[in-house]
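Student: A single structure is presented below for examination.
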Amino acid sequence: MDKFVIAITRTCGSGGTTIGKMLSNDLRINMYDKELLRLASDDSGINEALFANADEDVKNSLLYKVSKHIYNGELIPPESGDFISDDNLFNYQAKILRELSERESYVVIGRCADYILRDNPNVFKIFIHASNEYCIQHEMDILGASEKEAIKNIKKLDKYRSDYYYYHTGKKWEDVKNYDLSLDTSKLGFEKCVKYIKEYIKLRMDS
């Protein structure tokens, strides 16, 4: 079988990361999420803490809410004053995702991977979502949080992910046209979502 990538985009509380881990285990392939920060750091020579800080800064940055800087595949050279800019940190994560796709099959969570790898015919773009009630309960269970805290966290993270996606891709995060499959975990459960994703991959790879 050719190498492939399962790019999962998920709403907060829908269980997308759990589904990614299940797919990774079932298919015996790696899953990349925050591990990309270390790999991008190793590749660029930029301190990993800067990548982690950039991730956090984006959540609080007005810039990501009012503008966009659509990813075009370019890297900013070390001699530039913008070498360690948030944009270039994103560029290096994208570089790692593209290089990994040439070497192995893998699952990736978020990181605009569906857009970065959009020209790869063996990228399966999956959007995982769920009802508000389900997401709230899931966050309460995972975080041990109150309902009020869970609602606040979901709103903050979903807003951040939407802004981040728009900034780097120029597209709307929840637009189903960006994805191959859109699955509701509150209706299907994790096991069926994993089953349908694997069946879809097999159909695509066999066609």
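Student: Given segment 1-95, what helices (runs of 4 or more DSSP H) lie entirely inside it while holding 1 or more residues that are modelled with pLDDT of 95 or more, of a type in the set (Val, Ile, Thr) and within 28 Å of ASP184 (Cβ to Cβ)?
Tutor: 16-27
Student: ALA145 is checked against (1) more than 28 Å from TYR196 (Cα to Cα); (2) in a helix (DSSP H, G or I) and fails just one. What number does that condition carry?
Tutor: (2)
To keep it simple, each residue is scored yes or no on (1) modelled with pLDDT of 95 or more; (2) closer than 30 Å to ASP87 by Cβ.
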site: VAL107; (1), (2): yes, yes
site: ARG111; (1), (2): no, yes
site: ILE128; (1), (2): yes, yes
site: ASN132; (1), (2): yes, no
site: ASP158; (1), (2): no, yes
site: SER162; (1), (2): no, yes
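Student: Say we look at segment 16-48 and pick out the residues that are touching a strand residue (DSSP E or B) at 6+ places or on another chain (Cβ under 7 Å) and of a type in the set (Gly, Ala, Ser); which of these is farthest from GLU102 (Cα to Cα)?
Tutor: Only one residue fits best here, namely GLY16.
Student: Can you run down the residue pairs with Cβ atoms below 6 Å, 6 or more apart or on separate chains, where the first is in segment 122-133 and in a loop (DSSP other than H, G, I, E, B) and the partner is surrounded by fewer than 22 Cβ atoms within 10 Å (Cβ to Cβ)?
Tutor: Sorted first by the residue in segment 122-133, then by its partner, the pairs are ASN122/ASP2; ASN122/PHE4; ALA130/ASP184; ALA130/SER186; SER131/SER186.
Student: Counting just the residues of segment 98-117 that are assigned to a helix (DSSP H, G or I) and within 11 Å of the chain's Cα centre (by Cα), which one comes out farthest from SER182 (Cα to Cα)?
Tutor: ILE116
Student: Might you let me know whether segment 152-159 holds any residue that is of a type in the set (Lys, Arg) and either closer than 18 Å to ALA7 by Cβ or in a loop (DSSP other than H, G, I, E, B) (or both)?
Tutor: No, because not a single residue in segment 152-159 is of a type in the set (Lys, Arg) and either closer than 18 Å to ALA7 by Cβ or in a loop (DSSP other than H, G, I, E, B) (or both).
Student: If a residue has to be within 17 Å of LYS195 (Cβ to Cβ) and touching a Gly at 6+ places or on another chain (Cβ under 7 Å) to count, how many in segment 1-25 make the cut?
Tutor: Final tally of qualifying residues: 1.
Student: While we're on this one: If a residue must be open to solvent by 40 Å² or more (accessible area, probe 1.4 Å) and in contact with a Leu (Cβ under 8 Å, 6 or more places away or on another chain), how many such residues does segment 164-200 contain?
Tutor: Of the residues in segment 164-200, 3 are open to solvent by 40 Å² or more (accessible area, probe 1.4 Å) and in contact with a Leu (Cβ under 8 Å, 6 or more places away or on another chain).
Student: State all residues of segment 23-34 that are within 25 Å of MET205 (Cβ to Cβ) and open to solvent by 40 Å² or more (accessible area, probe 1.4 Å); if no residue qualifies, say none.
Tutor: We begin by selecting, within segment 23-34, every residue within 25 Å of MET205 (Cβ to Cβ); these are 23-33.
Answer for segment 23-34, where residues must be within 25 Å of MET205 (Cβ to Cβ) and open to solvent by 40 Å² or more (accessible area, probe 1.4 Å): ASN25, ASP26, LEU27, ARG28, ASN30.
Student: Same structure, new question: When both residues are 6+ apart or on different chains and their Cβ atoms are under 8 Å apart, which pairs have a first residue that lies in segment 136-156 and is exposed (fewer than 13 other Cβ atoms within 10 Å of the Cβ), and a second that is part of a helix (DSSP H, G or I)?
Tutor: LEU143/GLU149; LEU143/ALA150; LEU143/ASN153; SER146/MET140; GLU147/ILE136; GLU147/MET140
The values are calculated or read from the model by the stated rules, or taken from the named source; none is laboratory data. This structure is a prediction, so every number in the text was calculated from the model and none was measured. So basically every Cβ, Gly included, is an ideal-geometry build from the backbone, and we count neighbours across all protein chains shown. Accessible surface is based on the protein model in full, side chains and every heavy atom, while ligands, DNA and RNA are left aside. Shrake-Rupley method; radii C 1.70, N 1.55, O 1.52, S 1.80 Å.
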